[in-house]
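Below is one structure; the comments refer to it alone.
The values are calculated or read from the model by the stated rules, or taken from the named source; none is laboratory data. Everything numeric here is computed off the predicted structure, so don't read it as measured data. Reconstructed Cβ throughout: ideal geometry from the backbone, glycine too, with neighbour counts over all protein chains shown.
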Amino acid sequence: MTSQHARFFESLKTRPVIAGLRDAAGVEAAIQQGVGVLFIIGGDIFALLDSVAKVHAQGRLILAHVDLIKGVGRDEAGIRFLTKHVGIDGIMTTRANLISPAKREGLIAVQRLFLLDSESLAAGLPTVEKAAPDALELLPGVIVPTVAQDLAQRGKLPPLIAGGLIRTRAQVDAILGAGAVGVSTSERSLWGYSRNDGPGSPVTPKETAPPSKTGSRRTGGTRGDQKTR
């Protein structure tokens with residue numbers, strides 16, 4: 001496990017809400033609210049470069065949705081470019097074939113799985129088990145409490161992140177209570193969520209000391225993928 005992986009899961013222990021951003025406009029707001037991990041799910045390679053610099057300057061982690069970022073190939077070469085020239089900490093993707101290349105580069109690899117019905121769950125989980133990502137993001141995230149028992153019956157799955165259609169603290173509480181390690185959302189009112197707050201406590205924006213920063217990465221280019229936040 002790399003230092004980025006350790007920091008990723010350690011950050012989610014206290015600040016489980018991940019800022020899901022379609023562009024760079026919300027990066028500074030997410031940092032100000034104490035978010036430790038940011039998911040970039042849109043924009044282009046140039047905006048991503050700027051976001052990486054801002055996020056790393058504050059000791060936070062940034063992952064990019066490689067299926068949706070414009071300007072970067074959705075292949076192994078694109079993953080290497082993002083690692084060596086853009087400096088991202090990890091990727092999200094619906095493409096199982098990109099998980100292994102990302103892990104070889106030392107990136108945090110999050111596989112996204114869209115659940116349309118019980119059949120998509122049954123068909124999708126074997127691909128996740130075969131790809132062995134560092135974490136699994138289920139969308140829409142609000143369904144996680146409903147399928148928690150089905151997931152438990154699968155045995156050992158990667159740590160679970162819920163994303164999409166999550167708008168209230170009660171939903172976050174329920175999702176985390178169902179076993180998820182994190183929640184990805186574009187709802188800014190939830191970015192200040194902390195496990196140190198009691199269930200039902202109001203979310204108030206607050207700045208937290210940034211996690212200790214370990215070696216920063218290099219800078220360069222990329223390309224991307226899709227929605228449901």
> What number of residues within the stretch 177-189 satisfy the criterion of being surrounded by fewer than 22 Cβ atoms within 10 Å (Cβ to Cβ), of a type outside the set (S, T, N, Q) and on the phi < 0 side of the Ramachandran plot?
Replying inline: 5
>> Can you pull out every residue in the stretch 32-74 that is in a helix (DSSP H, G or I), in contact (Cβ under 8 Å) with a residue 60 or more places away in the chain and under 17 Å from the mean Cα position of the chain (by Cα)?
In response: Leu48, Val52, His56
> List the pairs whose first member sits in the stretch 102-131 and is on the phi > 0 side of the Ramachandran plot, whose second member is at pLDDT below 95, and whose Cβ atoms are under 8 Å apart, counting only residues at least 6 apart or on separate chains?
Replying inline: Gly106/Thr2; Gly106/Gln4
> Residues of the stretch 32-79 being under 21 Å from Ser11 (Cβ atoms) and among the charged types (D, E, K, R), which ones?
Replying inline: Lys54, Arg60
>> With the requirement that a residue be surrounded by fewer than 22 Cβ atoms within 10 Å (Cβ to Cβ), outside any helix (DSSP H, G or I) and hydrophobic (A, V, I, L, M, F, W, C), what does the stretch 1-20 give you?
In response: Met1
> Restricting the search to the stretch 175-196, which residues are farther than 16 Å from Ala148 by Cα, of a type outside the set (Lys, Arg) and outside any helix (DSSP H, G or I)?
Replying inline: Ser184, Thr185, Ser186, Glu187, Trp191, Gly192, Tyr193, Ser194, Asn196
> Taking the condition in contact with a strand residue (DSSP E or B) (Cβ under 6 Å, 6 or more places away or on another chain), among the basic types (Lys, Arg) and surrounded by 23 or more Cβ atoms within 10 Å (Cβ to Cβ), does Arg112 pass?
Replying inline: yes
>> Restricting to the stretch 53-99, name every residue that is touching a Pro at 6+ places or on another chain (Cβ under 7 Å) and within 16 Å of Leu38 (Cα to Cα).
In response: Gln58, Gly59, Arg60
> What are the residues in the stretch 39-54 that are surrounded by fewer than 19 Cβ atoms within 10 Å (Cβ to Cβ) and within 7 Å of Ile69 (Cα to Cα), if any?
Replying inline: Asp44
> Just to be sure, is Pro202 at pLDDT below 50 and either in a loop (DSSP other than H, G, I, E, B) or of a type in the set (S, T, N, Q) (or both)?
Replying inline: no
>> On the basis of being surrounded by fewer than 19 Cβ atoms within 10 Å (Cβ to Cβ), farther than 21 Å from Arg95 by Cβ and over 15 Å from the mean Cα position of the chain (by Cα), does Ala148 make the cut?
In response: yes
